[in-house]
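Nothing in this text is a laboratory measurement; each read-out follows from the coordinates by a stated rule. Here the structure is a predicted model, which is why all the values come from computation and not from measurement. With ideal geometry, Cβ positions are generated from the backbone for all residues, glycine too; neighbour counts draw on all protein chains shown.
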Amino acid sequence: MHATETKHPEQTGTTRGVSVLTGDPKKAIIKLSGPMIVAMFLLSVYNLVDAVWVAGLGKNALAAVGFVTPLFMVFIGLGNGLGAGVTSTISRRIGAHDKPGADSAAMHAMVLTILLSAVMTLPLILLAGPIVAALGAGETTDLAATYGSIVFSGTIFILFTNIAYAVLRAEGDTRRTMYAMAVSAVVNMILDPILIYWAGMGIAGAAWATVISVALVSLVLLYWFLVRRDTYVTLSWKGFSFDRGIFTDILKVGLPASMEFFLMSIIVIIINGLLVHVAGTDAVAVYTSGWRVVMFAIIPLIAIATSVVSVVGASYGARRFENLRTAHTFSVGLGVAIALAVSAITWVFAPVIALIFTYSPESALLAPAIVAFLQTMCFFYPFAPPGIMSGAVFQGTGRGMNSLVLSLLRNLVFTAVFAYLLALPLGLGEAGVWWGIVIGNVLGGIVGYGWARVFISRLLRTSERGGEAAT
């Protein structure tokens, strides 16, 4: 693994990543999102491979992972959400040429990581079983509790890697982020079959593979920041002093972003409940497996959005507000083009993709339902970029609540309501739930795009009058 910059930033005044970040927004989005797409693809390949190995244990194991997913999404959402706040806070300071402020923000983020890990680890381990049981895991409760309690023992590593990735993204170093995420994915894929089957650990092996891989990557990240020390942002306790304003700046984006993942977890719980009611636990296994493919399909969109947060944050910090419109328009257009291609591929190859999850006799009966799920989900892909990129614009400018409201509308208003109406009152059952997800995401994308355009226009008009938009 080679660093993207060999000289310390104090010697050069900047790094290659920062130069890209503060340059042309279109070029910056392309250059920064490329490595993120590769990294996220590798992680999703791992998720798919993990599902393949778990599928070999039978449908109960797949369903068990599915019941842990909502709880895990809350936890991962906290890390990713705070990461969004860290990226926004640091990139805005980089745009304003405030390196000491960027360094201080990074150290405050590390303090948050330590505090949250100390508070969350034990409760997550102890309550994994009762929570999945309350969510309706039934006969899969023991399997789900085993998987969840092991994964949550690695809380400190999972939170730290998320925050460290956020710091690197904030300074435009997505290539090094790609290296770290690639290591995590590859190590995980290697350990899965060894621990699950060769060591005979079953579903516990899949959980331990996750913990071990993320712990290894944490060591790599610490080496870059503390030993090699060639990043733009410097992590050091020397001269560090607590600043409530920095915590507030991180949290005003980080907490709403974390709540977005919590809302995603809530909608998963609602969807799982609807599916159990209309079709049983097999439908949860279908949803869990199929949604992995959906997340794989929208990776390029998420990668582009993470880059948009950094680019918009730097432009906002530099008060180059015209770049916000450029970044938003370009990222939405690029995302829609990619989504159309992915939709076509998903529709055509859905039967082949379904075989990945149904190769064992125990899970073969799920194949037709997984195909139907995939061929339904691909209809919302082209409508996802407007909403995703708009949320990124809000986060990059420090308007975390705007992004949260968009997520609230998409998940709890649009998706939940339409899934319920189509599944139960209209009697479409499992298929109704699928189409509810599609309709919710389509409406969410349309509303998000319109709101972001209004926000950017108001910001430009206000800045021309010498002020700053308030919302």
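The Stokes-Einstein estimate for region 212-302, based on a Kirkwood radius over Cα pairs and taken at 37 °C with 0.692 mPa s viscosity, is a diffusion coefficient of 187 µm²/s. Annotation: for a label point projected 7 angstrom from Cα along Cα→Cβ of His97, residues of region 25-64 with backbone N closer than 20 Å are 25.
Angle of helix 384-396 to the longest C-alpha principal axis of the chain, folded into 0 to 90 degrees and rounded to 10: 40°.
Compared with the dominant principal axis of the Cα atoms in the chain, helix 25-55 is inclined by about 30°. Under 18 Å from a label point set 7 Å out along the Cα-to-Cβ vector of Ser236, the amide N atoms of region 77-120 belong to 98-111.
For Leu426 and Tyr197, the difference between the fully extended length at 0.36 nm per residue and the C-alpha to C-alpha distance is 78.0 nm.
Using the alpha-carbon positions of region 361-471, Rg (one decimal) and Dmax (whole number) come out as 18.2, 68 Å.
For Ile190 and Glu322 in the same chain, what is the full-extension length gain: residue separation times 0.36 nm, less their Cα-Cα distance, in nm?
Difference between extended and current length: 42.9 nm.
Length gained on full extension, Leu340 to Ile446, computed as 0.36 nm times the residue gap minus the Cα-Cα distance: 36.5 nm. Looking at Asn162, Pro100, Gly200, which one has the Cα that reaches farthest to the positive end of the dipole of the chain (charges on Cβ: Lys, Arg +1; Asp, Glu -1)? Working it through, the farthest residue towards the positive pole turns out to be Pro100. Along the axis of the charge dipole computed for the chain (Cβ charges of +1 for Lys and Arg, -1 for Asp and Glu, origin at the Cα centre), the listed residues Ile114, Pro130, Pro256 are led at the positive end by Pro256. Can you tell which of Trp291, Ser265, Leu406 lies farthest toward the positive end of the dipole of the chain, using +1 and -1 charges on the Cβ of basic and acidic side chains (Lys, Arg; Asp, Glu)? Toward the positive end, the furthest listed residue is Leu406.
Whole number please: convex hull volume per residue of the Cα set in the chain, in Å³?
Given the Cα convex hull of the chain, per-residue volume reads 130 Å³.
Taking the convex hull of the alpha carbon positions in region 111-239 and averaging its projected area over all directions gives 9.3 nm². Label positions at Lys26 and Met295, each projected 7 Å from the Cα along the C-beta direction, are separated by 3.4 nm.
Could you work out the longest stretch of the chain that avoids the chymotrypsin sites (Phe, Trp or Tyr not before Pro) located in DSSP loops with at most 11 other Cβ atoms within 10 Å?
The reported range is 1-236.
Estimated from helices alone, the mean residue ellipticity of the chain at 222 nm is -26500 deg cm²/dmol (sum of -39500 (n - 2.57) over DSSP H runs with n ≥ 4, per residue). Put a dot 7 Å past the Cα of Trp347, heading toward its Cβ, do the same for Ala367, and the two dots end up 2.3 nm apart.
When the convex hull of the C-alpha atoms of region 397-445 is computed, what volume per residue in Å³ does it have?
Dividing the Cα hull volume of region 397-445 by its residues yields 51 Å³.
Counting only Cβ charges, +1 for Lys and Arg and -1 for Asp and Glu, the dipole size of the chain around its Cα centre is about 1460 debye.
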